[in-house]
1. Work out, step by step, the length gained on full extension between LYS99 and LEU136: first 0.36 nm times the residue separation, then minus their alpha carbon distance; give nm to one decimal.
2. Taking 7 Å along the Cα-to-C-beta vector as the label spot, tell me the GLN11-ASN170 distance in nanometres, rounded to one decimal.
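Nothing in this text is a laboratory measurement; each read-out follows from the coordinates by a stated rule. Just so it is clear, the model here is predicted, and its values are computed rather than measured. No Cβ is skipped: glycine too gets one built from the backbone with ideal geometry, and neighbour counts run over all protein chains shown.
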Amino acid sequence: MADQSYCHRLQHDMYFLTSTSRLNEQVVDKIVLQLNRVYPQILTNEEAEKFRNPKASLHTRLSDLLKHLQKKGDRHCQEFYRALQINAEQLFNDLPSRKILKTPDPTEIDTDKEQYMLNDRGPVFFLACFSVAAGLALFWYCCNSETQVIGRARRILGFSPIIIGGHVRNICMLYLEDMSRN
């Protein structure tokens with residue numbers, strides 16, 4: 001698919017482009033106007049008026065435009081793809097021919113998507129999880145009946161208002177006092 005002409009790609013993408021609500025009236029009009037104004041001119045003024053005619057349905061106009069461009073040749077189809085990319089980039093990226101060009105091997109792992117999935121939380125999420133894990137480890141260590149570090153833990157927790165929030169620190173201190181009484 002990578003070495004196919006733009007006409008073949010447009011034929012392949014035609015159903016996708018003409019399916020329900022992929023392209024709206026405004027985007028089709030922008031594409032037609034761009035094809036009419038680009039140098040060398042892809043669509044004449046009469047052709048542009050024909051493909052922008054609001055009396056015809058959007059589906060019919062778009063289908064006729066794509067067929068017309070395929071008849072005109074590869075350069076015209078290439079300009080259509082360029083106009084589509086400028087005016088509807090997300091749709092351009094979702095085209096079936098683009099997906100085939102992007103992943104030549106269907107068994108290949110898309111590393112960009114995998115990297116995004118692994119790194120979508122950010123450093124704050126990592127620090128929050130690490131803090132919770134460290135707090136639980138400290139709490140478990142202090143609650144273990146075999147260790148006698150309650151006094152030292154109370155001093156550490158007493159001087160750590162920056163590390164642990166005030167309400168969490170108060171809860172931990174109350175728990176440590178209850179543990180020391182037992």
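1. 8.7 nm
2. Reported label-point gap for GLN11 and ASN170 is 7.6 nm.
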